[in-house]
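The values are calculated or read from the model by the stated rules, or taken from the named source; none is laboratory data. Here the structure is a predicted model, which means the values were calculated and not measured. Note: ideal-geometry Cβ built from the backbone for every residue, glycine included; neighbour counts use all protein chains shown.
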Amino acid sequence: MVAQQFPAGLPQKKLSPSGGSELHAVSEREGDQFPAGPPQGKLAPLGGRELHAVSERGGHIRQAVIAGGGIGGLAAALAVSRAGWKVRLFERAAAISEVGAGIQLGPNIVKVLRGWGLAAELDAVAAFPERLQVRSAASGQLLAELPLGSAMVQRYGAPYVTVHRADLQGLLLQAVQQHTDAKLQLERPLRSFRQNAQAVMVQADGGPEVECDVLIGADGLWSSVRQQLLGDGLPQRTGHVAFRAMALQAMLPELLRSQQITVWLGPRMHVVQYPVRAGEWLNVVAIVEGEAIGEEDPWNHGVSASDLDELAGVLVGGCTELRDLLHALGGWQRWALHDRRPMQGMHQQAVGRVALLGDAAHPMLPYLAQGAGMAIEDAAELGQSLTQTLEPALDVPLLLQRYALNRWQRNAKVQARAARNGQIFHANGLLRWGRDASLRLLGEKLLDLPWLYGGAPAAS
């Protein structure tokens, strides 16, 4: 673990977060708790250290550095820019692009995106399924159904949509480029940082050390910011492997085309299918229990003949429709699922002037379809919190503690529910029988999640 210069000081002042609880943090003006910070001044020439800029009025311009240009990082860049901050985003890749396939966005997330003015852009690329159905992988029998479409709009004020990850990332990137002055710097992975009471000093490849007021770690499951901030080890294998594929619906047999979400449940496996790209493509993910040996990076591994044999073996005994669907698809990719324990406290969301966001803070297993969603919610809450830096009595570490306090318990709950869903989805024996009976009896009540879909932070 890299030593931090932000010690656990005694409580100095209080601030009530949304929800009414009190939190404690150290004021940046009570600097005895920290080592002396770097001097303030104009930008250093290239090759030196870049310091805070000074506005025309002589005031300090708040600056944020974001590590990671995925969905969470771009959402943070948009939200923090909207809060009045100068933003610089460091991304290790040569281009901002998204791997993976489809994702689901509940009304909690759609409301945030609409609040950022992205309604038309989202509507142009998303699909709008009318229902979610749960079926037995073995028999094909319908176990439960949840109306989506207008029912979600009436209940939660926004629809439930499905979208390709690249399309969501693309509309966020376009919003950042067109509506903010955020600077995106590619092929510049963040290597290290150090913080004190006044600032964070960030070192990325290919340039001088950069001074900022806030560092936001949105660098994903294998976050280097998290390792330097918390030093709590790497994510662990779950023993589950996901296979994913997409197909143009017009190229599929008519019986296999679908404009709804279908979840197929079987022993030690499940399959999810739903439309993306305005309904023109079908996204399919099959998750089975097994190990993908030697894979640290979970994404973008090609599928060998033996992998397909493994997938086919899991489907032995499956219903004809499901087997036909999986055999009709090509271009399969696989990834090994990794996880962390649900968050244990607000310190895992922010420490001092460094905040974590999305998978860097709380990796989500895909069994609740909320990984990207919780990153976007994090970004919205962070933007709300940092807007308050306009108040001179509120300092940055205190506001990051408010962000952490308002997010960590919800994120922990989603993590825990997702892990529990994985056990239920893959149940066998008596547990499987009980699951199916409960779904038949209480299906809509079990599938609807008011605590989740009605609980998003407002977009700033």
- Based on what the data block shows, is Gln348 without any contact (Cβ under 8 Å) to a residue 24 or more places away in the chain and under 22 Å from the mean Cα position of the chain (by Cα)? no
- Message: For region 191-216, which positions are out of contact with any Ser or Thr (no Cβ under 8 Å at 6 or more places or on another chain) and of a type in the set (Lys, Arg)?
- Response: Arg194
- Message: Tell me the residue from Val163, Val200 that is aliphatic (A, V, I, L, M) and out of contact with any Lys or Arg (no Cβ under 6 Å at 6 or more places or on another chain), please.
- Response: Val163
- Given the structure, is Leu89 in contact (Cβ under 8 Å) with a residue 60 or more places away in the chain, of a type in the set (A, V, I, L, M, F, W, C), in contact with a Ser or Thr (Cβ under 9 Å, 6 or more places away or on another chain) and not assigned by TED's automatic domain parsing to the domain that holds Gly149? no
- Query: Are any residues in region 260-272 in a loop (DSSP other than H, G, I, E, B) and either aromatic (Phe, Trp, Tyr) or under 25 Å from the mean Cα position of the chain (by Cα) (or both), and if so, which ones?
  - Reply: Gln260
- Could you give every pair whose Cβ atoms fall below 6 Å, whose first residue belongs to region 158-180 and is within 25 Å of Tyr453 (Cβ to Cβ), and whose second residue is of a type in the set (Asp, Glu), counting only separations of at least 6 or pairs across chains? Arg165/Glu98; Ala166/Glu98; Gln169/Glu98; Leu171/Glu121
- Query: Can we say Asp436 is part of a helix (DSSP H, G or I), touching a helix residue (DSSP H, G or I) at 6+ places or on another chain (Cβ under 7 Å), among the charged types (D, E, K, R) and on the phi < 0 side of the Ramachandran plot?
  - Reply: no
- Name the residues in region 303-339 that are surrounded by 20 or more Cβ atoms within 10 Å (Cβ to Cβ) and basic (Lys, Arg), would you? Arg334
- Message: What are the pairs with Cβ atoms under 6 angstrom where one residue, in region 134-153, is at negative phi and of a type in the set (Asp, Glu) and the other, located anywhere, is surrounded by 18 or more Cβ atoms within 10 Å (Cβ to Cβ) and in a strand (DSSP E or B)? Sequence gap at least six, or different chains.
- Response: Glu145/Gln133
- Query: For Pro129, are the conditions met, namely being touching a Leu at 6+ places or on another chain (Cβ under 7 Å) and closer than 18 Å to Ile261 by Cα?
  - Reply: yes
- Message: Being outside the structural domain of Ala77 (by TED's automatic domain parsing), within 18 Å of the chain's Cα centre (by Cα) and small (Gly, Ala, Ser) is true for just one of Ala361, Ala380, Ala375, Ala336. Which residue is that?
- Response: Ala336
- Among (1) closer than 21 Å to Met152 by Cα; (2) in contact (Cβ under 8 Å) with a residue 40 or more places away in the chain; (3) assigned to a helix (DSSP H, G or I) - the single one Leu398 does not satisfy: (1)
- Query: Where in region 209-256 are there strands (runs of 3 or more DSSP E), lying wholly inside it, with at least 3 residues that are surrounded by fewer than 20 Cβ atoms within 10 Å (Cβ to Cβ)?
  - Reply: 236-248
- Determine whether region 170-177 contains at least one residue that is in contact with a strand residue (DSSP E or B) (Cβ under 8 Å, 6 or more places away or on another chain), assigned to a strand (DSSP E or B), surrounded by fewer than 21 Cβ atoms within 10 Å (Cβ to Cβ) and not assigned by TED's automatic domain parsing to the domain that holds Leu431. no
- Note on the structure: Per the filter on region 193-219, residues among the small types (Gly, Ala, Ser) and modelled with pLDDT of 95 or more are Gly217, Ala218
